[in-house]
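Okay, so here's the structure we're looking at.
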Amino acid sequence: MSESDRATPARARSSNVAYLVPATWTEIATRVAPLVARVDHAAAGPQVLVLVPSEADAIDLGRALGALPAAAGTRIAPVATPRRAKRLVTAVAPHVLIGTPAAVAALIAASAVRLEHVAGVVVAAADDLERDTALVEQVLAEVPREAARHLTAAAATPFVEHLLTATMHGARRILPTDTVAAAGHTLPIEVRLVSTGALAAGLGEVLEDVDAPSVAIVAAGDRQAAAVRDELAALWVAGDRKSTRLNSSHVSESRMPSSA
């Protein structure tokens, strides 16, 4: 490794990110949000640029992004057709510009927008942009080299790989396994209300819905634990009694039958 490689700042190596995970526009908006949160509202010119495949996509993403807290006070312009784009950009003076490669390229050609202040660019749904290869590369060439470059795609198609190699050197790749692992830290919680005299009622329905290989049940005391134990005994068709732990505050069953 050369001395210049060692001197490369960590930020330069990690500012480019590729999310190779299928996503809705609402989910893509959350990935754009960190860039939007850093917008300087007092500065002129777009600071975040997002390229999308179609006019409808620009509108959908603009709506989803505008609903996020990170976008409060930020002017967002989803530009649809090149004909309307110039008028919209002039009227709104957006901090965030969302548009198709054709619409953004038309704005640049007409000197209606300059990308010199762009600090973050996102190529969204990149696997659907192959037909606009030349326009995508033309627009990205106008973005400052130091701008953070993000990409989202449902899969790493040859075109996506080309973009990553040509315009997003060293991009960190976020794969489906990474998002599943991250989501694993958040436990879904479901609350069901029952009457005081029927503390264990509905347990069978819950177990059927969860259908998990391992279940832990926490009871408030001896009476509640006994009620849960009796309910489990009534529900079991088969069970490994040796793997069951019962006490006044915790009922644990490591193996549940598939049906009652």
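The values are calculated or read from the model by the stated rules, or taken from the named source; none is laboratory data. Owing to the predicted nature of the structure, the values given are computational and were not obtained by experimental measurement. So basically every Cβ, Gly included, is an ideal-geometry build from the backbone, and we count neighbours across all protein chains shown. When the accessible area is computed, the model is the full protein with side chains, heavy atoms only, and any ligands, DNA or RNA have been set aside. Shrake-Rupley method; radii C 1.70, N 1.55, O 1.52, S 1.80 Å.
Miscellaneous remarks
- When Gln47 is tested against (1) farther than 27 Å from Thr133 by Cβ; (2) more than 20 Å from the chain's Cα centre (by Cα); (3) touching a residue at least 60 places away in the same chain (Cβ under 8 Å), just one condition goes unmet, and that condition is (1).
- Meets criteria (at negative phi and open to solvent by less than 70 Å² (accessible area, probe 1.4 Å)) for Thr24: no
- Taking first residues from region 79-104 that are free of Cβ contacts under 8 Å to residues at least 40 places away in the same chain and within 14 Å of Leu135 (Cβ to Cβ) and partners that are open to solvent by less than 60 Å² (accessible area, probe 1.4 Å) and of a type in the set (D, E, K, R), the Cβ contacts under 8 Å between residues at least 6 apart in sequence or on separate chains come to Ala102/Asp132.
- Only one of the numbered conditions (1) buried (at least 16 other Cβ atoms within 10 Å of the Cβ); (2) of a type in the set (Asp, Glu); (3) closer than 23 Å to Asp40 by Cα is violated by Glu116, and that is (1).
- Any hit, region 87-96, residues being in contact with a helix residue (DSSP H, G or I) (Cβ under 9 Å, 6 or more places away or on another chain) and either among the small types (Gly, Ala, Ser) or surrounded by fewer than 19 Cβ atoms within 10 Å (Cβ to Cβ) (or both): no
- Scanning region 56-78 for residues that are open to solvent by less than 10 Å² (accessible area, probe 1.4 Å) and touching a residue at least 60 places away in the same chain (Cβ under 8 Å) turns up just one, Leu61.
- Those residues of region 135-152 which are open to solvent by 10 Å² or more (accessible area, probe 1.4 Å) and over 20 Å from the mean Cα position of the chain (by Cα), in sequence order: Leu135, Glu137, Gln138, Ala141, Glu142, Pro144, Arg145, Glu146
- Test for Gly204: is it open to solvent by less than 40 Å² (accessible area, probe 1.4 Å), at pLDDT 60 or above, out of contact with any Leu (no Cβ under 9 Å at 6 or more places or on another chain) and more than 22 Å from Ala29 (Cα to Cα): no
- Flag for Val218 being open to solvent by 60 Å² or more (accessible area, probe 1.4 Å) and modelled with pLDDT under 60: no
- Against the list (1) at pLDDT 95 or above; (2) open to solvent by 40 Å² or more (accessible area, probe 1.4 Å), the condition Pro53 fails is (2).
- Exactly one residue out of Ala102, Ala106, Ala155 is surrounded by fewer than 24 Cβ atoms within 10 Å (Cβ to Cβ), at pLDDT below 95, assigned to a loop (DSSP other than H, G, I, E, B) and in contact with a helix residue (DSSP H, G or I) (Cβ under 8 Å, 6 or more places away or on another chain): that is Ala155.
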